[in-house]
Amino acid sequence: MAQHDDLAIMRWQFEQSGADHVCAIGISGTTYCWGVGSATGRVSPNPATTPMAVQTPVPLTLVVAGNQYTCGLGIDKRAYCWGVDIQGRLGDSVPDRAYTQGQATAGPVAGGHNFTALFAGPLADNTCALAVDGTSWCWGDYVENDAATTTFDCYPSSRCSAVPVQVSSTVRFTTMTTGLRSVCALDSTGQAFCWGNGYNALGSTFRSIPAKLETGLRFSSIEAGRSHQCGVSLSNAIFCWGANEAGQIGDYSAVPTPNSPYGMSIAVSPTLIAAP
């Protein structure tokens with residue numbers, strides 16, 4: 001069958017893991033997913049234990065896998081998403097589908113935007129994107145702009161949008177990373193910016209728009225976990241910040257101070273991880 005053309009030789013050009021599923025693009029240009037739910041492009045509630053082909057309007061050049069949903073960038077520079085559609089995760093202008101009514105085939109993200117890159121973390125409920133004109137956009141939960149709408153399935157401390165909302169910043173970002181209701185990004189100099197819930201983003205208070213990480217550090221890459229972030233500095237050192245209740249800051253301390261207003265122990269600024 002066509003869905004197994006790439007599997008026989010196991011050659012892939014792109015792969016991304018979500019919370020409970022994985023998607024990848026084969027050398028033929030076909031997108032495959034496996035794991036749990038409609039994020040794999042299937043209506044069946046049973047998990048897909050082998051890669052299954054996903055119906056996409058055009059071939060995809062990359063995929064990002066979030067929490068029970070997937071988005072991909074088409075060769076036409078448009079974004080397409082499928083999977084569980086709550087909190088506006090699919091960006092298709094449908095604000096609230098029933099939790100069990102996932103979108104099994106890839107549908108276009110609203111707005112007709114042309115993108116160069118997409119970003120979504122495995123535990124994130126939001127996707128962000130860089131547009132060809134240098135602007136940044138996000139949809140789902142969390143979206144920082146007042147243009148976002150709070151839907152019935154949106155967390156009380158968040159804002160959700162079922163369509164892409166432009167990030168309120170004049171900074172042109174080169175990469176972005178999404179955590180649980182927070183986003184961080186880098187500009188061309190490696191300066192980090194974060195926004196969203198305080199215990200995720202800057203280790204302080206809620207930030208409604210991108211806030212510069214005032215540390216003097218510059219990063220070559222940055223990645224968000226569920227409620228913390230880590231970045232590789234230009235000197236190849238790793239710094240982490242955010243929640244640390246499980247020791248994810250990596251500095252031997254599982255309970256740093258002060259405590260977040262959300263009741264979670266946090267590292268309030270980037271902390272150099274300890275030597276192994």
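Candidates Asp20, Asp6: the one that is surrounded by 15 or more Cβ atoms within 10 Å (Cβ to Cβ), among the charged types (D, E, K, R), at pLDDT 75 or above and out of contact with any His (no Cβ under 9 Å at 6 or more places or on another chain) is Asp20. Residues in region 65-92 that are within 13 Å of the chain's Cα centre (by Cα) and among the hydroxyl-bearing types (Ser, Thr, Tyr): Tyr69, Thr70. Determine if region 191-200 includes at least one residue that is aliphatic (A, V, I, L, M), assigned to a loop (DSSP other than H, G, I, E, B) and either crowded, with 24+ Cβ neighbours inside 10 Å or modelled with pLDDT of 90 or more (or both). Within region 191-200 (the criterion being aliphatic (A, V, I, L, M), assigned to a loop (DSSP other than H, G, I, E, B) and either crowded, with 24+ Cβ neighbours inside 10 Å or modelled with pLDDT of 90 or more (or both)), the answer is no, since none of the residues qualifies.
For region 89-107, the set of residues classified as modelled with pLDDT of 85 or more and in a loop (DSSP other than H, G, I, E, B) consists of Arg89, Leu90, Gly91, Asp92, listed by residue number.
In region 172-190, the qualifying residues are those that are modelled with pLDDT under 95, of a type in the set (S, T, N, Q) and within 17 Å of Thr116 (Cβ to Cβ), and the one that is surrounded by the fewest Cβ atoms within 10 Å (Cβ to Cβ) is Thr177. Within the bounds of region 132-143, is there any residue that is modelled with pLDDT under 75 and either under 19 Å from Thr70 (Cα atoms) or assigned to a loop (DSSP other than H, G, I, E, B) (or both)? Scanning region 132-143, I find at least one residue that is modelled with pLDDT under 75 and either under 19 Å from Thr70 (Cα atoms) or assigned to a loop (DSSP other than H, G, I, E, B) (or both), so the answer is yes. Take Ala110 and tell me if it is among the small types (Gly, Ala, Ser), under 20 Å from Pro57 (Cβ atoms) and either part of a loop (DSSP other than H, G, I, E, B) or modelled with pLDDT under 80 (or both). When the stated conditions are applied, Ala110 passes them.
The values are calculated or read from the model by the stated rules, or taken from the named source; none is laboratory data. All values reported here derive from a predicted model rather than from experimental measurement. Here the Cβ is made from the backbone with ideal geometry for all residues, glycine too, and neighbour counts use every protein chain on show.
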